[in-house]
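Only one structure is covered here, and it is reproduced in the block below.
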Amino acid sequence: MKRSTSKGAVKKTATNSKVEPTQNGIRASIHLLHIPDREARKRALQVLIDTNEMWLSLIGDKYGLSTAQVDALRRAKVPFICVSKTIADGQAD
């Protein structure tokens, strides 16, 4: 399936529901992540502090993070589970 916006098109398939940024840089503005491991959460908090951006902490070891924060966690190799599903305009599927 292909969705278009005024800024560009985003490809989305049934087998890969991850939204990829287009050439215009469309990305979700917030991501809901679950970090089940206690030691991974400790490492994640240090990474988040270093990003110097606000984040949302929820019950059940879930966090609302920006794309930059998710990228920082990936670079630090902090394991997490992405539990949010978003499309290019930020609306839930």
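The values are calculated or read from the model by the stated rules, or taken from the named source; none is laboratory data. A quick note: this is a predicted structure, and the numbers were derived from the prediction, not measured. Neighbour counts run over all protein chains shown; Cβ positions are idealised from the backbone, glycine included. With ligands, DNA and RNA removed, areas are computed over all heavy atoms of the protein, side chains included. Shrake-Rupley method; radii C 1.70, N 1.55, O 1.52, S 1.80 Å.
For ARG41, ARG75, the ranking by accessible surface with the largest value first comes to ARG75, ARG41, using a 1.4 Å probe. For the set SER57, SER66, the ranking by accessible area, highest first and with no ligand, DNA or RNA atoms included, is SER57, SER66 under a 1.4 Å probe. With each label modelled as a point 7 angstrom along the Cα→C-beta vector, the THR67-VAL47 pair spans 1.8 nm.
Probe radius 1.4 Å, ligands and nucleic acids left out: which of ARG38, ARG74 has the largest accessible area, and how do the rest follow?
I get ARG38, ARG74, largest accessible area first.
What is the local net charge at ALA40, summed over the other residues whose Cβ is closer than 10 Å to its Cβ (Lys, Arg +1; Asp, Glu -1)? Charge balance near ALA40 sits at +2. Once both labels are positioned 7 Å from their Cα atoms along Cα-to-Cβ, the gap between VAL83 and LEU58 label points is 0.6 nm.
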